[in-house]
Amino acid sequence: MSVLSGHTADTADLGDDRFSWATWLKSHPNVIRVASVVVFFFAWQYLARDSNPLFMTYPTAVFKAAWQLTLDGELQQALMESMVPFSVGLAIAIVGGILLGIAIGQSWLLEYTLDPFINALYAIPRVALIPLIILWAGLETNGKIVIVASIAIFPVIVNTYSGIKDVRGSLIEIGRAYSASEFQIFTKIVLPASVPYIMAGIRLAVGLAIIGEITSEFFTAVTGLGGLIVLFANNFATAKVFVPIIITGVLGVALTESVALIERRLSRWRISERERF
Amino acid sequence: MLKVSRVYKFFKARDSSERGVRAMKVLDDISLDVGRGEFISLLGASGCGKTTLLRIMAGLLRPDRGSVHVNEQPVQAPRRDVCMVFQNFGLLPWRSVLSNAAFPLELDGVNRGKRESIAAEYLGLVGLSGFERHFPHELSGGMQQRVGIARALVRKPLILLMDEPFAALDAQTREKLQEDFLAIWNQLKTTVVFVTHAIDEALVLSDRIVVLSSRPGRVDRVIDSPVSQYRIGGDVRARLEFAEQAHDIRELLRSERTA
């Protein structure tokens, strides 16, 4: 046996054990994400520090503005004015969307009765309805709630409906073969099988609800984070404009990610099923 | 016990010559008597209507003529004491193994503690103790079908209807499951109607084999398995009678295919 070769039939060379940065980074994507954001802020600071404050601003100025707005209490107030109608509107959209989606998914009569309206409302850019909604429901919290709910409800309806329609006949046959009642088939087979779809609908609804909230505040231009954006932009307070924009972005990412987390947890069976077949 | 009397079933099929639909005969005058504790196989090529016949026995389909009786009662809808094992296992993927096995009892309104202890008992019987908290996608096909069998047994059924339950498995797993299932059947003595297209599977498992002809499905011959008394704990495939009978059935199915 050769001493130099060191390989026998029982051992296999499984590749280098040497540390590789590329492999390590690939398996730690958050490191790159954080680094990318940090570099972005440094570059922004460096490039924009001498610009005209009417047109451009830079991170430390935005931070200072945020601090000032917090001390004044203006920011907290706007956040409340936005978050209350946002949460209520989103909750209405989720509950109402699931119930409507179930209703049209279960009853052909309701489906054919309602789907012209749902399709028409889906096709019209919902922003086009905002002036009308404001006319009917007012500029304040109620109006915002209606706008948020009416924009965010559609993906929930459509996804719940598709989830219910997509349940495989073979799953329902299991229920029938074991003498399940129609109600049991619905609650124990159809509904749980639709959960991944419904969660995806909710995730989309969160994004749309944020758009609805800010847009409605643009129209009313009095309250909330959207109201602050319009106010500061009209006064050319560019550093301040960025504060509500960044807060909205952070909120959006945080909310969407938390829904995505729940979604992944509830849909684990579906993902591994997909990988299998 | 289970009595199938003069059952006919037609399906709608598109006519090739004319525009429109015509009735295609799928089952042609099927009569069958299954005794208590008997293991009977329905053997035939794919498309011979054996699964349709099983679904009629299960009450999932209504025959167009004729009737099915269980213990002298006509079958109109699925019965709680006639349980089904599916070809593709038919587990609910979002439920754990234990909750899948307990599913029929859950439908019956049995409380959680009781149904889970019964389910765990039958999971033990099929050799799945320790897998109660797993999910179907974490199990191999053979293990998934073991869950399917446990689920069918939790109601202590009078009759077990099995629709090609081992057809989706690889050969080794299939033989292992046949052997284990025979041992379970020998212990419980449940009446079994087993649909299969595999001659050796029918011979290894059953007391009687009902050979169905194709299009329309018709009872071609009913064969008493020559090896049924040796099937528990022995390798019946090694016996001469097994080979002879398998040969006869193969010839029978072949002649009928060319006809």
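The values are calculated or read from the model by the stated rules, or taken from the named source; none is laboratory data. None of the values given here were measured: they were computed from a predicted structure. Using ideal geometry, Cβ is built from the backbone for each residue, glycine included, and neighbour counts are taken over all protein chains shown. To get the accessible areas, we keep the full protein, side chains included, count just its heavy atoms, and leave off ligands, DNA and RNA. Shrake-Rupley method; radii C 1.70, N 1.55, O 1.52, S 1.80 Å.
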**Study point:** Radius 14 Å from Cβ of A:LEU225, net charge of other residues (Lys, Arg +1; Asp, Glu -1)
**Key:** -2
Study note, to complete from the structure: Extension length gain for B:LEU61 and B:GLN229 (0.36 nm per residue less Cα distance), in nm, is 57.0 nm
Practice item. With only Lys, Arg, Asp and Glu charged, each at its Cβ (+1 for the first two, -1 for the last two), find how big the charge dipole of chain A is about the Cα centre; round to the nearest 20 debye. Key: 160 debye
**Study point:** Gain in span if fully extended, B:ALA183 to B:ALA13, counting 0.36 nm per residue against the direct Cα distance
**Key:** 57.0 nm
Check your understanding: With +1 on each Lys and Arg Cβ and -1 on each Asp and Glu Cβ, how big is the dipole of the protein assembly as shown about its Cα centre, in debye rounded to the nearest 20?
Key -> 880 debye
Exercise for review: Please name whichever of A:LEU121, B:PHE131, A:PHE41 sits farthest to the positive end of the charge dipole of the protein assembly as shown, dipole taken about the Cα centre and charges placed at Cβ: Lys and Arg +1, Asp and Glu -1.
Suggested key: A:LEU121
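Please list A:192-200, B:158-166 highest first by mean number of surrounding beta-carbon atoms within 10 Å per residue.
So the peptides A:192-200, B:158-166, ranked by packing, come out B:158-166, A:192-200.
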Revision key, fill the gap. Over all pairs of different Cα atoms in the range B:89-156, the reciprocal of the mean inverse distance gives a Kirkwood radius in Å of 11.3 Å
Check your understanding: Which value, in square angstrom to the nearest 100, describes the accessible area buried between chains B and A on both sides, using a 1.4 angstrom probe?
Key -> 2000 Å²
Practice item. Take chain A, connect every pair of alpha-carbon atoms lying under 10 Å apart with a spring to form a Gaussian network, then pick out the residue of A:PRO125, A:PRO155, A:PRO85 with the largest mean-square fluctuation. Key: A:PRO125
Practice item. Shielding by partners for A:165-177, please: the mean number of other protein chain Cβ atoms within 10 Å of each residue's Cβ. Key: 4
Review point. When DSSP beta bridges are limited to those with both residues in the protein assembly as shown, what percentage is antiparallel, rounded to the nearest 5?
Key: 55 percent
Review point. Between A:ASN142 and A:PHE117, what length comes free when the chain is fully extended (0.36 nm per residue of separation minus the Cα-Cα distance, one decimal in nm)?
Key: 6.7 nm
Point to revise | Within the range A:29-163: Cβ-based charge dipole about Cα centre, in debye rounded to nearest 20 (Lys, Arg +1; Asp, Glu -1) | key: 300 debye
Review point. Can you list the lysines whose alpha carbon sits under 21 Å from that of A:LYS240, skipping same-chain ones fewer than 8 residues off?
Key: A:LYS64
Review point. Which net charge results when you count Lys and Arg as +1 and Asp and Glu as -1 among the other residues whose beta-carbon is under 12 Å from that of A:PHE86?
Key: -2
Check your understanding: Which of A:ASN142, A:ILE229, A:GLY163 sits closest to the plus end of the dipole of the range A:61-276, meaning its Cα is farthest towards the positive end, when Lys and Arg get +1 and Asp and Glu get -1 on the C-beta?
Key -> A:GLY163
Point to revise | 10 Å Cβ neighbours from other chains, averaged over peptide B:86-96 | key: 4
Practice item. Compute the FRET efficiency between B:GLN76 and A:VAL250 as 1/(1 + (r/R0)^6), taking r as their Cβ-Cβ distance and R0 = 56 Å, and round to the nearest 0.05. Key: 0.35
Review point. For B:ARG115, what charge total do you get from the other residues with a beta carbon under 15 Å from its beta carbon, if Lys and Arg give +1 and Asp and Glu give -1?
Key: +3
**Study point:** Probe 1.4 Å, all protein chains present, accessible-area order of B:THR190, A:THR141, largest first
**Key:** A:THR141, B:THR190
Check your understanding: Got a sec? Charge dipole of chain A, +1 on Cβ for Lys and Arg, -1 for Asp and Glu; which of A:ILE185, A:VAL84, A:TRP67 is way out at the positive end?
Key -> A:ILE185
**Study point:** Candidates B:GLN144, B:GLN76, B:GLN172: whichever shows maximal mean-square fluctuation once chain B is modelled as a Gaussian network with Cα springs under 10 Å
**Key:** B:GLN172
Exercise for review: Under 20 Å from a label point 7 Å along Cα→Cβ of A:ALA233: give me every residue in the range A:145-162 with its amide N that close.
Suggested key: A:147-148
Practice item. Treating cross-link reach as a plain straight distance, find the aspartates and glutamates whose alpha-carbon is under 20 Å from the alpha-carbon of A:LYS165, omitting any fewer than eight places away in the same chain. Key: A:GLU111, A:ASP115, A:GLU173, A:GLU182, A:GLU263, A:GLU273
Practice item. Provide the FRET efficiency to the nearest 0.05 for the B:MET1-B:ALA198 pair, computing r from the beta carbons and using R0 = 22 Å. Key: 0.30
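Can you count the Lys pairs in chain B whose Cα atoms are under 12 Å apart, with each pair 8 or more apart or on different chains?
Step by step, the pairs that qualify in chain B add up to 4.
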Point to revise | Accessible area of A:TYR58 in the full protein assembly, 1.4 Å probe (Å², nearest 10) | key: 70 Å²
Review point. What does the accessible area per residue of chain B come to in Å², with a 1.4 Å probe and no ligands, DNA or RNA counted?
Key: 45 Å²
Exercise for review: Could you please put B:VAL82, B:VAL110, A:VAL84 in sequence from largest to smallest accessible area, using a 1.4 Å probe?
Suggested key: A:VAL84, B:VAL110, B:VAL82
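Using R₀ = 35 Å, calculate the FRET efficiency as 1/(1 + (r/R₀)^6) where r is the Cβ-Cβ separation of A:ALA103 and B:ARG133; round to 0.05.
According to the calculation, E is roughly 0.50.
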Point to revise | For chain B, built as a Gaussian network whose Cα springs stay under 10 Å, the top-fluctuating residue of B:VAL21, B:VAL70, B:VAL147 | key: B:VAL21
Check your understanding: Using helices alone, what [θ] at 222 nm do you get for chain A, with -39,500 (n - 2.57) per DSSP H run of 4 or more residues, divided over all residues and rounded to the nearest 500?
Key -> -26000 deg cm²/dmol
Review point. Going by the alpha-carbon gyration tensor, a ≥ b ≥ c the square roots of its eigenvalues, is chain A rounded (a/c under 1.5) or, if a/c is not under 1.5, prolate (a/b greater than b/c) versus oblate?
Key: oblate
Exercise for review: For A:ILE210, A:ILE124, B:ILE30, give the ranking by accessible area with the largest first, probe 1.4 Å.
Suggested key: A:ILE124, A:ILE210, B:ILE30
Review point. Based on the alpha-carbon gyration tensor of the range B:47-180 and its eigenvalue square roots a ≥ b ≥ c, which shape applies: rounded if a/c is under 1.5, prolate if not and a/b is larger than b/c, or oblate?
Key: oblate
Review point. How would you classify the protein assembly as shown from its alpha-carbon gyration tensor, with a ≥ b ≥ c the square roots of the eigenvalues: rounded for a/c under 1.5, else prolate if a/b is greater than b/c, otherwise oblate?
Key: prolate
Revision key, fill the gap. With a 1.4 angstrom probe the carbon and sulfur portion of accessible area for the protein assembly as shown, in percent, totals 60 percent
Revision key, fill the gap. Rounded to the nearest Å, the spacing of the alpha-carbon centers of the range B:46-92 and the range A:150-183 is 25 Å
